[in-house]
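Structure first, then comments.
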Amino acid sequence: MALFSRKKNTAPVDPKIEKEPGQLAVLKDAFRITRENKPLAIFWMAVIFLVVLIGGILLGNNLGHPVYFAILATPVALIAAFFFFTRQANSAAFASIQGQIGAGASVMMSIRKGFTTTPAVNVSRNQDMVHRSVSRAGIILIGEGSNAVRSMLQDEHRKMERFVPGVHVTEVIVGDGQGQVSLRKLQKHVKKLPKKLSKQQLREVRARVKAIGGLQMPIPKGPVPMNRNAKMPKR
């Protein structure tokens, strides 16, 4: 396939690479969003911490080692409270952008590795829109809006077949209806798609698709859903 022929990468590396926000900044933003959308979550996080800590102290007291068990229970209580916080932060993050125009693009663009998303490559008068993402799974077209978005997806699908022939194209409609993918499950859904491209092929497809461009529509800048495997900041 001509598209996937190997070529030397002669493009210069841009030295001005935008730094990603640190883990502490992400946690701070997540805490703010959670407090705004789920104010009781902070209270329950403190309750979970105290219950686990007190339970450890009582267990240690019964075994004759209250101080030792208090030391052991402290990190366990922190982990339990943090686990609860990440779940609530994820829920609050999605709630803050639910129903907004371009929410699907916002969720896709928050995937930090392996996906290159171009928002609003096709938009109708009724604000139905199609976003395009490129990954090892091929080209993923994400539609948001009314039933009319299905025809928009088909148009964009044909466009991709014309500009990038031979590349697998997947269509996803964001919503809660039958055959649709809910906003909170969108990331998980696209990450589970089977890989169709090698790393070399992915670079070539990205370069080809980048030349097509998009409409540069404004996308809601909601909070990035937190990674449940995020590490706690060191003091």
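The values are calculated or read from the model by the stated rules, or taken from the named source; none is laboratory data. Please read all numbers here as calculations on a predicted model, not as lab measurements. Don't worry about glycine lacking a Cβ; one is built from the backbone with ideal geometry, like all the others, and counts go over all protein chains shown.
Structure notes:
- Filter result (closer than 24 Å to Val76 by Cβ and touching a residue at least 12 places away in the same chain (Cβ under 8 Å)) within the stretch 20-41: Gln23, Leu24, Val26, Leu27, Ala30, Phe31, Thr34, Lys38, Ala41
- Of all residues in the stretch 60-77, those satisfying the criterion of being part of a helix (DSSP H, G or I) and either closer than 30 Å to Leu183 by Cβ or free of Cβ contacts under 8 Å to residues at least 12 places away in the same chain (or both) are Asn61, Asn62, Leu63, Pro66, Val67, Tyr68, Ile71, Pro75.
- Against the numbered list (1) in a helix (DSSP H, G or I); (2) surrounded by fewer than 16 Cβ atoms within 10 Å (Cβ to Cβ), Phe49 comes up short only at (2).
- Residues in the stretch 94-106 that are of a type outside the set (S, T, N, Q) and either modelled with pLDDT of 90 or more or in a loop (DSSP other than H, G, I, E, B) (or both): Gly99, Ile101, Gly102.
- Checking Asp29, Asp14 one by one, the residue that is loosely packed, with under 14 Cβ neighbours inside 10 Å, of a type in the set (Asp, Glu) and modelled with pLDDT under 90 is Asp14 and no other.
- Given (1) in a helix (DSSP H, G or I); (2) surrounded by 18 or more Cβ atoms within 10 Å (Cβ to Cβ); (3) at pLDDT below 90, index of the condition Ile111 fails: (1)
- So Leu186, is it buried (at least 20 other Cβ atoms within 10 Å of the Cβ) and modelled with pLDDT of 95 or more: no
- Filtered residue count, the stretch 31-90, keeping only those that are β-branched (Val, Ile, Thr) and within 20 Å of the chain's Cα centre (by Cα): 3
- Cβ separations smaller than 9 Å between residues 6+ apart or across chains give the following pairs from the stretch 189-212 residues that are of a type in the set (Asp, Glu) to residues that are in a loop (DSSP other than H, G, I, E, B) and surrounded by 15 or more Cβ atoms within 10 Å (Cβ to Cβ): Glu204/Leu197.
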